[in-house]
Amino acid sequence: MWQRNYYEHVIRNEQELNKIREYIINNPLKWLLDRENPDRQGSDQLEDEIFKIKALK
């Protein structure tokens, strides 16, 4: 599948590899809490507080 704005990245060391692994693991988990996800599970407390403050203005 072709992805817009895709670029190749050379993994230069173990630290970079670990960051990429962490991203791959955490990205689907973040989607579960994302406000744009219609099947969202749980809540994001910081985001909820920001929306409360905006609503008071």
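The values are calculated or read from the model by the stated rules, or taken from the named source; none is laboratory data. Note that the structure is a prediction, hence the values are computed from the model and not measured. A quick note on method: Cβ atoms are made from the backbone with ideal geometry, for glycine too, and the neighbour counts reach across all protein chains shown.
Residues are listed down the side, and each one gets a yes or a no for (1) among the polar types (S, T, N, Q); (2) surrounded by 10 or more Cβ atoms within 10 Å (Cβ to Cβ); (3) modelled with pLDDT under 85:
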residue: MET1; (1), (2), (3): no, no, yes
residue: GLN15; (1), (2), (3): yes, no, no
residue: TYR23; (1), (2), (3): no, yes, no
residue: ASN26; (1), (2), (3): yes, yes, no
residue: TRP31; (1), (2), (3): no, yes, yes
residue: GLY42; (1), (2), (3): no, no, yes
residue: GLN45; (1), (2), (3): yes, no, yes
residue: ASP48; (1), (2), (3): no, yes, yes
residue: LYS54; (1), (2), (3): no, no, yes
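How about the stretch 1-42: which of its residues are in a loop (DSSP other than H, G, I, E, B) and of a type in the set (A, V, I, L, M, F, W, C)?
MET1, TRP2, VAL10, ILE11
Cβ contacts < 6 Å: first residue acidic (Asp, Glu), restricted to the stretch 32-57; second residue at pLDDT 75 or above, any location; separation 6+ or different chain. Result?
ASP44/LEU33
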